[in-house]
Amino acid sequence: MSTGAAWSQGMIEAEVQRRKQLPQQSVERRAIISKCYKPKHPEVYTLQDSFLAPEFLEIERFCTSPGADLQGLLSYLESFSDKRIYRLPVFTEQFCQALLDELENFEHSDMPKGRPNTMNNYGVLLSELGMDERLLTPLRERLRPLTALLYPELGGACLDSHRAFAVKYALHQDLDLSSHYDNAEVTLNVSLGKEFTEGNLYFGEFNEVEHVWGRGLLHRGGQIHGALPIASGERWNLIVWMRASAVRNRLCPMCRRKPELVPAEGFGDGFTEPPQGEEQPETVSVCALG
């Protein structure tokens, strides 16, 4: 193996140390943002029914009704091939515009910012912006009746944590995203806008899937996918990696080994949750950070 293709032991150790520092750095950024940042649209930080597309509310009603089953749910969704990739309306256009305006306001501020992940250099970690508790956790919980029917073997009925971020693609910034899989049991990817051309998603060797404003794609986190280059404009997407501790506590989805857990703030990487009524730190697997 050539030296250009291999990581030296020193490089590996440096990367491990970098990843160990990420949780504390995120906590420090969030503290500064909470104290110093003034939201432009404070209303978008708390999920309201008016933010959700009427079709989403109809799907939610079906999934929580007696006798709801997979075949009935599929009649409400747009399905792609046999890879269990589904598209559904999630947000109204008005909410997408307000959320995007808030994200851009934060991006243009002088607040500290972390990368969404190791592949996206532009965007916002929504937990650091304070959107987890009142916006994204309720959204994940309202998606759970759907994911319970769509992905039962992936813990779809017990998705109990998430990592959420917005990603931005623009000329002279991130243009595309190479093939990868997510550190998640189930992923939600919602198109927020703006105006752009090209940049479609692709899944393995499957044909491209276009972005549709306000609509979300649900897919397995382990499904190989990527994004083709945009040709013009600017594209923003909301990504929610949804996780089930009941699944990942048995086997780390990234290294495929029994996870070695260390304390972490917040959801960590979704491996464990404190027992009901008992306070103890969340845990995270270092091998899955980033």
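Structure notes:
- Residue list for region 144-159, filter: part of a helix (DSSP H, G or I) and closer than 14 Å to residue 218 by Cβ: 144, 145, 146, 147, 148, 149, 150, 152, 154, 156
- Conditions (1) under 28 Å from residue 75 (Cβ atoms); (2) open to solvent by less than 10 Å² (accessible area, probe 1.4 Å): number failed by residue 153: (2)
- Residue 40 meets each of the listed conditions (1) open to solvent by 30 Å² or more (accessible area, probe 1.4 Å); (2) within 28 Å of residue 220 (Cα to Cα) apart from (2).
- Contact map, region 242-266: residues that are on the phi > 0 side of the Ramachandran plot and open to solvent by 20 Å² or more (accessible area, probe 1.4 Å) paired with residues that are modelled with pLDDT of 90 or more and not in a helix (DSSP H, G or I), Cβ distance under 9 Å, separation 6+ or inter-chain. Pairs shown: 266/127; 266/161.
- Lone qualifier among 124, 209, 190, 167 - being among the aliphatic types (A, V, I, L, M), at pLDDT 95 or above and in contact with a Phe, Trp or Tyr (Cβ under 9 Å, 6 or more places away or on another chain): 190
- Among residues of region 40-65, those that are small (Gly, Ala, Ser) and out of contact with any helix residue (DSSP H, G or I) (no Cβ under 8 Å at 6 or more places or on another chain), counted: 2
- Of the strands (runs of 3 or more DSSP E) lying entirely inside region 164-230, those containing at least 1 residues that are open to solvent by 40 Å² or more (accessible area, probe 1.4 Å) span 177-180, 196-198, 201-203, 206-209, 215-220.
- Scanning region 56-71 turns up no residue that is open to solvent by 50 Å² or more (accessible area, probe 1.4 Å), touching a strand residue (DSSP E or B) at 6+ places or on another chain (Cβ under 6 Å) and modelled with pLDDT of 95 or more.
- Screening residue 115 on (1) surrounded by fewer than 17 Cβ atoms within 10 Å (Cβ to Cβ); (2) touching a residue at least 24 places away in the same chain (Cβ under 8 Å) shows it passes everything except condition (2).
The values are calculated or read from the model by the stated rules, or taken from the named source; none is laboratory data. As the structure is a computational prediction, the values presented were derived from the model and not from experiment. Neighbour counts run over all protein chains shown; Cβ positions are idealised from the backbone, glycine included. What goes into the accessible areas is simple: the full protein's heavy atoms, side chains included, and nothing from ligands, DNA or RNA. Shrake-Rupley method; radii C 1.70, N 1.55, O 1.52, S 1.80 Å.
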